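Note sheet for the following structure.
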Amino acid sequence: MPDALGTRAFRIAFAACCALILFYLLLPTLLVFPISLGGDPYIRFPPRNLTLDWYGAYFNDPEWRAATFFSLKIALLTAVFSTAIGTAASIAMARGSFPGRRLLGVIVLAPLITPHVVVALALYFQFAPLGLVGTTAGFVAAHCVLAVPYVVLMTSAALAGVDPSLEMAALNCGASRWRALWEVTLPLILPGVAAGALFAFLTSFDETVVSFFISGVDNKTITRKIFEDVDFNLTPVIAAVSVVFVLVTVALMVAVNLTQRGMKRG
Amino acid sequence: MMTPHKNQGGDSAALSIRSLVKRYGSVVATDGVSLDVSAGEFMSLLGPSGSGKTTLLMLLAGFEVADGGEIRMRDRDISRVPPNKRDIGMVFQRYALFPHMSVAQNVAFPLRMRGVAKADREARVRAALETVELTGYLDRMPAQLSGGQQQRVALARAIVFEPGILLMDEPLGALDRKLRKHMQVELKELQGRLGATVIYVTHDQEEALAMSDRVAIINAGRIEQLATPRELYDAPASAFVGDFIGEINLFDAKVEELESGGIKLASGFGPLTGTPVPGATFSRGQKVHVGIRPERIAVRAGAASDGWQAGIRQTIFNGSNVTVYATMQDGQELRATVAPNDREASLARGEAISLSAAPRDVFVFPAGAA
Ligand SMILES: Nc1ncnc2c1ncn2[C@@H]1O[C@H](COP(=O)(O)OP(=O)(O)OP(=O)(O)O)[C@@H](O)[C@H]1O
Ligand SMILES: [Mg+2]
């Protein structure tokens with residue numbers, strides 16, 4: 001049948017196009033993989049004399065290790081706090097009936113569309129007099145501003161799928177508002193909450209601009225450390241760091257995807 | 001009940017509602033509703049879509065707060081009591097079973113919320129599931145049950161904590177016709193066995209008539225009539241009720257004469273005598289609505305001198321009876337039912353007939369109240 005053939009040819013062409021675009025977009029990221037294996041003490045492509053030494057150098061360098069652990073710590077704390085704040089906010093917005101509900105929604109999501117430089121500058125001027133620059137608390141607070149919108153988006157989507165009459169049924173069964181939330185609503189939106197937490201972690205871990213502004217001498221994130229070394233100390237270690245960084249990010253994205261799939265099925 | 005309290009009905013009311021009002025913006029969803037439900041009574045709220053049935057249930061369950069009036073349960077004003085502190089069970093329209101809990105966990109939920117001990121809980125869950133004839137499904141998840149089974153679980157969950165009143169919002173609405181009929185009988189039996197006081201929302205008049213001790217006909221947030229199914233049918237209080245319950249011929253007429261035996265009326269097709277609905281007063285010359293049930297109209301072949309002259313427009317066979325569509329002298333149409341074996345059932349189109357109805361079967365309603 002020519003019709004079926006036509007659509008089939010179109011599909012193949014379309015898939016090929018997509019593949020090409022994806023490849024083009026991914027290419028720069030993929031390049032760091034071979035570069036990180038090069039035997040020369042400077043960035044070179046294609047690499048010669050393959051080696052894993054740069055990975056060893058990364059893991060053994062106290063500064064890189066400190067930056068990595070600091071980033072992980074900030075990301076974890078950001079995930080915890082922004083998930084709690086974001087979930088509470090989206091429940092309030094979805095189920096509450098207080099004045100200014102709409103406005104709250106706009107304010108919560110505003111950091112999504114505000115350029116990070118603007119957020120970074122604003123936070124810097126706020127944090128400097130408070131002594132929060134370069135502190136864990138400062139980083140977590142700053143990253144929560146950026147991560148909460150993602151949590152709100154994820155949990156709101158999950159909440160929209162929960163029939164409000166389930167919560168009414170729980171109340172009718174004698175549950176307090178709090179218990180209805182804890183025993184009925186939260187378990188049902190758990191996949192959305194988990195996806196939100198992972199997204200929050202990722203937002204913090206990948207964050208560069210704000211971290212650049214509020215990093216201190218001791219407490220700096222891995223992204224800030226990469227920036228510094230690109231300027232002053234460009235070796236394939238950076239490529240090795242980038243590879244690890246990309247792998248962690250990809251793993252988290254996969255995890256987000258899996259929880260979302262669980263949400264659709266459940 | 002410790003304090004014998006007499007209300008208008010004289011019997012003990014499980015629930016009394018007084019002048020209840022609920023507004024949504026400019027919409028008055030509940031417009032001064034008052035009613036008493038006796039203990040053990042099965043009462044239906046019946047009315048067209050948007051008439052305020054669900055709103056009334058939400059007010060009773062405590063999910064909405066009334067703008068005025070009060071709700072009393074066994075002499076306690078519960079208008080301001082939060083939903084989780086009211087002793088009222090509810091079956092939701094789409095069951096609202098907790099999808100992440102098994103059948104046993106769903107039914108145990110109200111007991112757990114009330115701090116019932118685990119051993120006691122299990123026994124009561126079993127008993128409740130036995131009551132609704134759904135044993136052996138303890139560990140199933142709601143998604144693994146059929147609609148009828150989910151319905152039973154919802155019912156078990158609502159009765160397991162032995163609430164004083166059971167509310168149901170179109171509980172059978174999602175079931176197919178056959179299962180629906182079956183569940184109607186079962187629900188009614190179960191209610192009788194438990195002696196439960198039930199308030200049941202439906203917009204299926206057949207269902208309301210079949211199951212209820214009394215039916216409240218709701219129209220635009222108000223109770224049009226609250227009576228037994230029989231009374232609703234035999235003595236509708238308004239043209240709306242007459243039209244809503246069963247079949248009725250409605251037409252306009254004018255009051256000619258007020259007599260002790262009934263009202264003499266003039267209609268487009270001739271004079272007739274009717275009975276005024278209770279509570280209405282009429283005066284000579286007033287325009288009124290008249291309602292006659294099709295089966296209360298007598299049909300005779302030929303042009304008799306004492307009836308309303310008419311012509312056959314059509315006869316339609318419905319199984320147990322035949323509906324005669326008659327064209328009256330002024331051109332309007334009346335329906336009458338006759339037995340399939342009557343001679344009148346087999347008349348041809350255009351043949352002359354005469355119709356008549358006894359004065360007590362001719363309901364006279366005030367005009368404009370329809
Ligand atoms: N939350 C609400 N906000 C605004 N208006 C409402 C709300 N709930 C109900 N109404 C209005 O109140 C009126 C009564 O609604 P209700 O849901 O009680 O009707 P119903 O008799 O249950 O109808 P149905 O048979 O369609 O379920 C309707 O006009 C409806 O639009
Ligand atoms: Mg309704």
If Lys and Arg each add +1 and Asp and Glu each add -1, what is the summed charge of the other residues whose beta carbon sits under 9 Å from the beta carbon of A:C173? +3
Using +1 at the Cβ of each Lys and Arg and -1 at the Cβ of each Asp and Glu in the protein assembly as shown, identify which of B:F109, B:L134, A:L20 lies farthest towards the dipole's positive end. A:L20
If you take the beta carbon distance between A:L20 and A:R177 as r and set R0 to 45 Å, what does 1/(1 + (r/R0)^6) give as a FRET efficiency, to the nearest 0.05? 0.25
Ordering A:F245, A:F70 by the accessible surface of their heavy atoms, 1.4 Å probe, largest first, yields A:F245, A:F70
Sequence order, region B:201-214: Karplus ³J(HN,Hα) from phi using 6.51 cos²θ - 1.76 cosθ + 1.60, θ = phi - 60°, Hz rounded, Gly and Pro as x, gives 9, 7, 10, 9, 5, 4, 4, 4, 5, 5, 9, 8, 6, 9
Result: in chain B the number of Lys pairs with C-alpha under 23 Å apart, spaced 8 or more or on different chains, is 10
Over all Cα pairs of chain A, how is the pair count split among 5 Å bins, expressed in % and running from 0 up to the last occupied bin? 1, 6, 10, 12, 13, 13, 12, 10, 8, 6, 4, 3, 1, 0, 0
Just by accessible area at a 1.4 angstrom probe, what is the order of B:T54, A:T87 from largest to smallest? B:T54, A:T87
In debye to the nearest 20, how big a dipole does region A:1-136 give about its Cα centre with +1 on each Lys and Arg Cβ and -1 on each Asp and Glu Cβ? 520
With +1 on each Lys and Arg Cβ and -1 on each Asp and Glu Cβ, how big is the dipole of chain B about its Cα centre, in debye rounded to the nearest 20? 1060
If each part is reduced to its alpha-carbon centroid, region B:234-291 and region A:66-101 end up apart, in Å, by 69
Which residue, chosen from A:S215, A:Y150, A:T135, occupies the Cα position most advanced towards the positive end of the dipole of region A:128-266, where the dipole is computed from +1 (Lys, Arg) and -1 (Asp, Glu) charges on Cβ about the Cα centre? A:Y150
By accessible area (1.4 Å), largest first, A:V210, B:V185, B:V28, A:V32 order as B:V185, B:V28, A:V32, A:V210
About the Cα centre, charge dipole magnitude for the protein assembly as shown (Lys/Arg +1, Asp/Glu -1 at Cβ), debye: 780
How much accessible area does B:H289 have with a 1.4 Å probe, in Å² rounded to the nearest 10? 40
Distance in nm between B:H182 and B:D204 label points, each 7 Å along Cα→Cβ, equals 1.4
Once both labels are modelled 7 Å past Cα along the beta-carbon direction, what's the B:D306-B:A143 spacing in nm? 7.2
Total formal charge among the other residues, if their Cβ is under 12 angstrom from that of B:G68, Lys/Arg +1 and Asp/Glu -1: 0
What is the average number of partner chain Cβ atoms found within 10 Å of a Cβ in B:89-99? 5
Cut-off 10 angstrom, C-alpha nodes, Gaussian network model of chain A. Which of A:W54, A:W182, A:W64 fluctuates the most? A:W182
Would you mind computing, in nm to one decimal, how far apart the modelled labels at B:K85 and B:S320 are, each placed 7 Å from Cα along Cα→Cβ? 5.0
Return the sequence-ordered ³J(HN,Hα) values of region A:187-200 in whole Hz as given by the Karplus equation 6.51 cos²θ - 1.76 cosθ + 1.60 applied to θ = phi - 60°, using x for Gly and Pro. x, 6, 9, 3, x, x, 5, 4, 4, x, 4, 5, 4, 4
B:T281-A:N257 FRET efficiency (beta carbon distance; Förster radius 60 Å; 0.05 resolution): 0.20
Taking R0 as 30 Å, what FRET efficiency do you get between A:V117 and A:I43 from their Cβ-Cβ distance, rounded to the nearest 0.05? 0.65
For n ≥ 4 DSSP H runs only, could you compute -39500 (n - 2.57) per run for the protein assembly as shown, divide by its residues and tell me the 222 nm figure to the nearest 500? -15000 deg cm²/dmol
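The values are calculated or read from the model by the stated rules, or taken from the named source; none is laboratory data. Computed from a predicted model, the values in this text were never measured in an experiment. Glycine gets a Cβ as well: all are built from the backbone with ideal geometry, and neighbour counts include every protein chain shown. The accessibility values were calculated without ligands, DNA or RNA, using every heavy atom of the protein model including side chains. Shrake-Rupley method; radii C 1.70, N 1.55, O 1.52, S 1.80 Å.
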